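S.K.: One structure follows; several queries about it will come next.
Coordinate-derived values only; no laboratory data. This structure is a prediction, so every number in the text was calculated from the model and none was measured. FYI the Cβ positions are ideal-geometry reconstructions off the backbone, even for glycines, and counts take in every protein chain you see.
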Amino acid sequence: MQQRLFAADSRSTREPYVILMPPPNVTDRLHMGHGLNNTLQDIYIRWQRMCGKEVCWLPGTDHAGIATQMMVEKSLQQEGITRQELGRDEFVKRCWQWKDKHGDIIVSQLQRLGASADWERQAFTMSPQLSQAVRSTFVDLYHKGLIYRGERLVNWDFALHTAISDDEVVNIEETGKLWSFAYPLDDGSGELVVATTRPETMFGDTAVAVHPDDKRYQAYIGKQVKLPLTTRTLTVIADPYVKQDFGSGCVKITPAHDFNDFDIGKRHNLPLRNIFDAQGLLNEQAPVPLQGLTRDEARTRTVQLMQDAGLLRDTVKHRLTRPYSDRSKVLIEPRLSQQWFLKMQPLVNEAVRIAQDGELCFYPPSWKKTYLHWLENIEDWCISRQLWWGHRIPVWRCADCQQYTVAKDDPTQCTHCHSQAIAQDEDVLDTWFSSWLWPFSTLGWPAVQDNSALQKFYPSQVLITGADIIFLWVARMVIAGLETIGSPPFKDVYFNSIICDHQGRKFSKTLGNGIDPLAVIEAHGADAVRYTCISLAPLGGRARLGLKDFEHGGRFINKLWNAARFLLAQPALPTKLPALSATELSVPEMWLLSEFKQTVAKIDKHLRSYRVDSMAETLYHFIWGTYCDWGVEIAKNILRQQSLPPEQILATMTYVMDGLLRLAHPMMPFISEEIWQRLPSHPDWDRPRSLVVAAFPETKQLTSFSAEELQDWHFTRRVITAIRTLRSRSALPPRNKLNVSIVVGAAAAGLRADEEWLRDLAQLDGIAWLAADAPKPVPALVQVGAGFEVYTAASHIDMPSEREKLRKEQAQLETRLQKIAGKLNNTAFCSKAPPHILQEQRDKQRLLQEQLHSVRLNLQALGED
RNA sequence: GGGCGCGUAGCUCAGCUGGUUAGAGCACCAGCCUUACAAGCUGGGGGUCUCAGGUUCGACUCCUGAUGCGCCCACCA
């Protein structure tokens, strides 16, 4: 029913506010990281909707090529079949089924969380519309000469049998071994020693390199060495890449299996010798006994064979970083293959500029450097994948003329020779090649018939996502937006926390330390999950979350619910409330309203600076510490005393409750709406049919009162707190009223005017007002405050501990006074510190001196021992 | 090797542009089922703000160095 309120109207005249949901992968259900990410987006969307913007939160899912294909293959495995047995068409069909199932689960999870996205605009990276965008982009970039096919060394994943991009490789530091092998000179005049961490790659060696300036090896340059265990020989070449001080200063060069060696090979025209078959097993380049072995088996055997041949010179432990596939977690093999690449260099200039000029802002700002560093060192992007699930590359190769036909619509013939013998490239595109178009492909681009959505909702205001995909997704979206639409896709990038378990470990399936958002929603409610997530998740940091933490949120929701119940259960609560009238307000009400206004100002500030954790804290303190702890107590007092008409205070309480529900709504949409619907409408607030579209409080419309007007009340509150402490120390049950004596100095008039409040909020029976110079009531418990003393008689007073307490206070006051005196006696401080700081210290000194004096007199009255 | 960030109460963290008695939640202790709330109320204990210098009248806050930890990027076979 509320969903209609979430729909974005592209023809609206309101100012747009747009957020694009980072599309969750359709691989699996959502985890708590998604819970946080989507809560944050929803907070901003709901806030801005309440501020009167035409908001559009565009939801959707990502086909996640590699990840989904892995999941589907895994499920096939359980049925005992491989995707090859199933065939491509059938396999892709299975992937669609998987997508439908998990896409639905994801949407229902997001809705349970309260996500107020425009569900009618749901997008999917492989929908017909987005496929059109992908093709269009590919074809355009191809015709601009930016997409090319080439045989290059790429990161090869032997588990998935596909190339992956540099950004999908994760390097892990490990301890391995460094072996030194002797390669005998062909003319029998000696040997060269080379070091390697990967012995098995020696069969792909096509040279040995030394540094051109290395005196030790001048004579060897151009000579031949024998490649052990084979019949081949290698030339000794000179290249400045070689470090003279590492190992022997000789390097074996394996151009087909190492990125650096590949470059050297190019410089020296070395042959590329691939030693692996498609499965990652050693091929015929290796000696017969090693053929068909895996990399690991071959390594052990190679070392053994070299040792047997008397050519193993050394084995040492060695720290090295190895590349792993981020998805499949297997060791990456650099492998020569035909792939499609996108030239990135010509595309990045503008993306760099807008970050430097502040047209694109990162929160936290430190990410700007990381972003720029990546762009400034950009490499070509390998965009083809040897997978089945994804966007098929829109390129057809002609069997007759061997030329490529690159087209947006499926061609029937070769554009070069018109032959019909054309076949589409078997590969698919990297998933990110569709994700990077998300800011405009989801809005209908490149369809021309109706681009009102694109015009209205591009660009978006803020992208809220995890910093882990800053290169994979964020930077690339900026590039695509600038290249395709001509303007950046968003203004702000807000990096949310990474959710970890209580020990600071990332959630992972293998550890089983994840928290299922739905289970927690069942236990504590969606609002509690939302509140807990954001209050514990600082901007861009790492948030440690345990199951127990959600109790905090649960308690808060419960507290709010009870506060509302108090109000709603009042028999005197009128259905028609009077408007606020400054002249009829009691001082505590004036204070409550002022506190509310301050809260509104703080929340506005925190939202604008993306400090949602601070916003949550601010609201928590207002609701719990101000509205409940004081507001409700004040209301009870008035209702009990009948000192004022009940409608008046109930109207104020309703007004503030209505306002705080508005503040709370973006964060806690369920409970706030639930209460708000039951609340009588207040004439000073608008009353639409749902809180979803109610106005967000603005400070300029709110009433507040000056510090002078509230000064006495602040003093009274301090006295009340002191009396409560006294009561607690007297161990008297709260229902027993207390008799106190009060000594007041300068603030006497104000306090005595508030006597009724004092009496009620501190649960007093009788008050005796004492003059400052009157004898101290003995024996009695005492609390000495700034500008006042309160006493109460108690049945039995533990004199030593009472003295102890006073002495402790005395010591504390003395220390503080010493510090202040230190400052005030410092001539430099007095001459250089700003006047108001100086005055502050003097005032403080006077108050503390008075307080110390009182404490001392009380100590004397108790009799020093 | 380069970049970024973090070391504050037993635990998880706030503390923004230097001046507060350094705060919150959880945990702990004491007393309370006070008619909104025991998922609660009223109090309480607990911190040489990682260390060492410096700037300043004044540093948790700014600068330098040390040290421990985390993340990212690059990489010597």
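S.K.: Could you tell me how many degrees, from 0 to 90 and to the nearest 10, lie between the Cα long axis of helix A:646-664 and the main elongation axis, the longest principal axis, of the Cα atoms of chain A?
M.R.: 10
S.K.: Another question, if that's okay. Most exposed first by the Cβ proxy, i.e. fewest other Cβ within 10 Å, how do A:MET667, A:MET799 rank?
M.R.: A:MET799, A:MET667
S.K.: Set the Förster distance to 51 Å, then compute FRET efficiency between A:ALA572 and A:ASP89 from the Cβ-Cβ distance, nearest 0.05. Spell out each step's value before the answer.
M.R.: On the way: r = 72 Å, r/R0 = 1.42.
Calculated value: 0.10.
S.K.: Taking square-rooted eigenvalues a ≥ b ≥ c of the alpha carbon gyration tensor, is the range A:707-865 rounded, prolate or oblate, where a/c under 1.5 means rounded and, failing that, a/b exceeding b/c means prolate?
M.R.: Working: a/c = 2.50, a/b = 1.44, b/c = 1.74.
Oblate is the answer for the range A:707-865, as a/c is 1.5 or above yet b/c matches or exceeds a/b.
S.K.: Let me ask another. Taking the alpha-carbon distance from A:LYS252 and a cut-off under 15 Å, which aspartates and glutamates remain once sequence neighbours fewer than 8 residues away in the same chain are dropped?
M.R.: Cross-link targets: A:GLU191, A:GLU200, A:ASP205, A:ASP239, A:ASP261, A:ASP263.
S.K.: So what's the gap between the Cα centers of the range A:84-131 and the range A:677-704, to the nearest angstrom?
M.R.: Their Cα centres are 39 Å away from one another.
S.K.: Give A:LYS101/A:LYS329; A:LYS408/A:LYS491; A:LYS53/A:LYS605; A:LYS144/A:LYS343; A:LYS99/A:LYS408 a once-over and call out the pairs whose C-alpha atoms are over 21 Å from each other.
M.R.: Details: A:LYS101/A:LYS329 26 Å; A:LYS408/A:LYS491 31 Å; A:LYS53/A:LYS605 18 Å; A:LYS144/A:LYS343 10 Å; A:LYS99/A:LYS408 25 Å.
Correct reply: A:LYS101/A:LYS329; A:LYS408/A:LYS491; A:LYS99/A:LYS408.
S.K.: Show which aspartates and glutamates lie in cross-link reach of A:LYS456 when reach means a straight Cα distance below 12 angstrom and same-chain residues fewer than eight apart are skipped.
M.R.: Those aspartates and glutamates meeting the cut-off are A:ASP9, A:GLU15, A:GLU54.
S.K.: Give me the Kirkwood hydrodynamic radius of the range A:302-382 in Å, from all C-alpha pairs, to one decimal place?
M.R.: Numbers: mean 1/r = 0.0572 Å⁻¹.
Evaluated on the range A:302-382, it is 17.5 Å.
S.K.: Here's a follow-up. What's the extension gain from A:LEU644 to A:GLN402 if we count 0.36 nm per residue and subtract their Cα-Cα distance?
M.R.: Numbers: separation 242, 0.36 × 242 = 87.12 nm, distance 9.33 nm.
Full extension of this stretch gives 77.8 nm more.
S.K.: Once the convex hull of the alpha carbons of the range A:734-774 is built, what does its volume come to per residue, in cubic angstrom?
M.R.: Taking only Cα atoms, the range A:734-774 has a hull volume of 60 Å³ per residue.
S.K.: Another question, if that's okay. Of A:LYS576/A:LYS597; A:LYS602/A:LYS700; A:LYS243/A:LYS317; A:LYS559/A:LYS636; A:LYS602/A:LYS823; A:LYS369/A:LYS506, which ones are farther than 22 Å apart at the Cα? Don't skip to the end; give the middle numbers.
M.R.: Numbers: A:LYS576/A:LYS597 24 Å; A:LYS602/A:LYS700 13 Å; A:LYS243/A:LYS317 20 Å; A:LYS559/A:LYS636 17 Å; A:LYS602/A:LYS823 33 Å; A:LYS369/A:LYS506 24 Å.
Beyond 22 Å: A:LYS576/A:LYS597; A:LYS602/A:LYS823; A:LYS369/A:LYS506.
S.K.: Which of the cysteines in chain A are isolated, no other cysteine C-beta under 4.7 Å?
M.R.: So far as the 4.7 Å Cβ criterion goes, A:CYS51, A:CYS56, A:CYS95, A:CYS250, A:CYS361, A:CYS382, A:CYS500, A:CYS533, A:CYS628, A:CYS830 stand without a partner in chain A.
S.K.: Taking the beta-carbon count within 10 Å as an exposure proxy, list A:THR321, A:THR302, A:THR484 from fewest neighbours to most. Walk me through the numbers before you get to the answer.
M.R.: Working: A:THR321 11, A:THR302 27, A:THR484 21.
Least to most surrounded, the residues fall as A:THR321, A:THR484, A:THR302.
S.K.: Still on this structure, I have one more. If R0 is 30 Å, what FRET efficiency do you get for A:LEU547 and A:TRP119 from their C-beta distance, rounded to 0.05? Write down the numbers at each step before the final one.
M.R.: Numbers: r = 30 Å, r/R0 = 1.00.
Efficiency for this residue pair is about 0.50.
S.K.: Please work out whether chain A counts as rounded, prolate or oblate from its C-alpha gyration tensor, where a ≥ b ≥ c are the square roots of the eigenvalues and a/c under 1.5 means rounded, while otherwise a/b larger than b/c means prolate and anything else oblate?
M.R.: Values: a/c = 2.99, a/b = 1.88, b/c = 1.59.
Cα axes put chain A in the prolate bin.
S.K.: How much FRET efficiency would the formula 1/(1 + (r/R0)^6) give for A:ASN274 and A:ARG149, where r is the Cβ-Cβ distance and R0 is 25 Å, rounded to 0.05? Intermediate values should be presented prior to the final figure.
M.R.: Working: r = 19 Å, r/R0 = 0.74.
Step by step, r from the Cβ atoms, then E = 0.85.
S.K.: Another one. Considering only DSSP beta bridges with both partners in chain A, what is the antiparallel share in %, to the nearest 5? Could the numbers behind the result be given before it?
M.R.: Values: 64 of 94 bridges.
Here the antiparallel bridges make up roughly 70 percent for chain A.
S.K.: Please report the spacing between the Cα centers of the range A:420-480 and the range A:237-306 in Å, no decimals.
M.R.: 40
S.K.: Working out 0.36 nm times the residue gap between A:ASP166 and A:ALA695, then minus their Cα-Cα distance, what length gain in nm do you get to one decimal?
M.R.: Values: separation 529, 0.36 × 529 = 190.44 nm, distance 4.78 nm.
The span from A:ASP166 to A:ALA695 would gain 185.7 nm if fully extended.
S.K.: Moving on. Between the range A:311-373 and the range A:551-576, how far is it from one alpha carbon centroid to the other, in angstrom?
M.R.: Their Cα centres are 53 Å away from one another.
S.K.: Using a simple spin-label model with points 7 Å from Cα along the Cα→Cβ vector, what separation in nm is obtained for A:MET799 and A:LYS819?
M.R.: Result for the modelled spin labels: 3.5 nm.
S.K.: Follow-up. Near the amide H of A:ASN25, under 5 Å away, which other amide H atoms are found, from residues 5 or more places off or on another chain, if H is placed in the peptide plane?
M.R.: A:ASP62
S.K.: Can you tell me the order of A:73-84, A:747-758 when each peptide is scored by its average per-residue count of other Cβ atoms within 10 angstrom, highest first?
M.R.: Working: A:73-84: 11.8, A:747-758: 17.0.
Descending packing order for the listed peptides: A:747-758, A:73-84.
S.K.: Which order do peptides A:33-43, A:286-296 fall in by mean Cβ count within 10 Å, highest first?
M.R.: Working: A:33-43: 25.4, A:286-296: 15.4.
Order by mean packing, descending: A:33-43, A:286-296.
S.K.: Taking neighbour counts of Cβ atoms within 10 Å as a proxy for exposure, in what order, fewest first, do A:PHE276, A:PHE471, A:PHE670 appear? Provide the component values of the computation, followed by the final result.
M.R.: Numbers: A:PHE276 24, A:PHE471 19, A:PHE670 16.
Placing the least packed residue first, the sequence is A:PHE670, A:PHE471, A:PHE276.
S.K.: So how do A:784-792, A:823-831, A:332-340 stack up, highest first, on mean other-Cβ count within 10 Å? Write out the running numbers ahead of the final one.
M.R.: Numbers: A:784-792: 21.7, A:823-831: 11.6, A:332-340: 19.2.
Peptide ranking by packing, descending: A:784-792, A:332-340, A:823-831.
S.K.: Around A:ILE742, what is the net charge, scoring Lys/Arg as +1 and Asp/Glu as -1 over all other residues with Cβ under 10 Å from its Cβ? Before the final figure, lay out the partial values.
M.R.: Working: positive: A:ARG752; negative: A:GLU755, A:GLU789.
Net charge in that neighbourhood comes out at -1.
S.K.: According to a simple spin-label model (label point 7 Å from Cα along Cα-to-Cβ), what is the distance in nm between A:PHE670 and A:ASN826?
M.R.: For A:ASN826 paired with A:PHE670, the spin-label model returns 5.5 nm.
S.K.: Still on this structure, please answer the following. Could you list the residues of the range A:448-482 with an amide nitrogen less than 15 Å from a label point located 7 Å from the Cα of A:SER366 in the Cα-to-C-beta direction?
M.R.: Inside the label zone: A:467-468.
S.K.: How far, in degrees from 0 to 90, does helix A:295-308 lean away from the longest principal axis of the Cα atoms of chain A, to the nearest 10?
M.R.: 60
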